[in-house]
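Read the structure below first, then the notes.
The values are calculated or read from the model by the stated rules, or taken from the named source; none is laboratory data. Predicted model only: the values in this text are computed from it and were never measured. For neighbour counting, all protein chains shown are included, and Cβ atoms are generated from backbone atoms with ideal geometry for every residue, glycine included. SASA here: full protein model, heavy atoms, side chains in, ligands and nucleic acids out. Shrake-Rupley method; radii C 1.70, N 1.55, O 1.52, S 1.80 Å.
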Amino acid sequence: MTAVLSALFALLTAVANATGTVLQRIAARKVPPGDAFSVRLFRHLLRSPAWLGGIAVIVGAAACQALALTLGSLSLVQPILVTELPFTLLVASAVARRRLPAIGWAASVMVAAGLGLGLAAAAPHGGSTEEVPAGKWVLTLLVSGGVMAACILAALPRPRGKARAALFSSASAIGYALTATLMKAATDTFDRHGPGAFFAAWQTYAFVAAGACALFLLANAMESGPLVASQPALTLGEALVSLALGTVVYGERVRTGWWLVLEGLGAVMVTWGVVVLPRADTEGAEGEGDGASGAGRSGS
């Protein structure tokens, strides 16, 4: 029963994140190019009702994600956040008052079916947050931070466009995966030892810092280019990095043997859907920025 509740809260997280992404994209499209990746970016965004509304929704998403991670494993919760992409395009279509093309619906079904197949075959289980040595945490933070820095350094010299958006989005995906990993440790501490231990745990403050960094990078991805570039990198990147961190940090496991065939098939279905969905949005639904904002995020 706890796994079902965990999956439900993860799904609610995806819906909330999708709504927040659309609102952030509306606000980010109004930012002058010269104010990207600076404090001035947030000055513009803080004056935008759409961005503030997006942040409020994302705070609710974080609460749902915390509940999901308390009830279930990282390897169960984070892949479900892949559904954030179909929800993002559905919300964007509604805001822009345009219909999502048939290929968009087909890709959405493919993502949902592939995710269901993959999770059923993998049956994530095991893992513990109590026995993670300090050295493993240090290595995790250094590697994650190093890859994020490499993506940022590669993005900064590039002009606005798909490449810059994808690089910032990739860095944001790693940041969100790291946030979920740290949040899992913090929420488990709260569940076992209460609020005192939760606020005394370094992971509590680390996941807040990592989440803020990931949010800043996502804002830059939204400002840099279209959803067709940023969403696949964010959606798939966060899921894959989260699975890796769940295995490496917490020792979570999935079924192997012949189950890998079904897991691989599910992964292919999800990947195809995630790659195709933003292109369907470009054809009809990406007008969320133009139609909704009057001006020329993804999860997880």
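Could you please state how large a percent of the accessible area of the chain is carbon and sulfur, counting protein chains only and using a 1.4 Å probe?
After summing per-atom areas, the C and S share lands at 72 percent.
Compare the Cα positions of Leu153, Ser172, Ser128 along the charge dipole of the stretch 127-194 (+1 at Cβ of Lys, Arg; -1 at Cβ of Asp, Glu; about the Cα centre) and return the one farthest towards the positive end.
Of the options given, the answer is Leu153.
Return the loop-located chymotrypsin sites (Phe, Trp or Tyr not before Pro) in the stretch 175-265 (DSSP other than H, G, I, E, B) with at most 10 other Cβ atoms within 10 Å of their own Cβ; answer none if there are none.
Here the sparse-neighbourhood loop sites are Trp258.
In square angstrom, what is the accessible area per residue of the chain with a 1.4 angstrom probe?
Heavy-atom accessible area per residue stands at 42 Å².
Could you pull out the trypsin sites (Lys or Arg not before Pro) across the stretch 105-199 that fall in loop regions by DSSP (anything but H, G, I, E, B) with no more than 15 other Cβ atoms inside 10 Å?
Sites meeting the loop and neighbour criteria: Arg160.
Filter the trypsin sites (Lys or Arg not before Pro) in the stretch 61-105 to those in DSSP coil with at most 12 other Cβ atoms within 10 Å of their Cβ, and list the result.
Counting only loop positions with at most 12 other Cβ atoms within 10 Å, the trypsin sites (Lys or Arg not before Pro) in the stretch 61-105 are Arg97, Arg99.
Among (i) 29, 23, 17; (ii) 57, 21, 17; (iii) 38, 27, 18, find the value of semi-axes √(5λ) of the Cα gyration tensor in Å that was calculated from the structure presented, and write down its label.
Label of the calculated value: (i).
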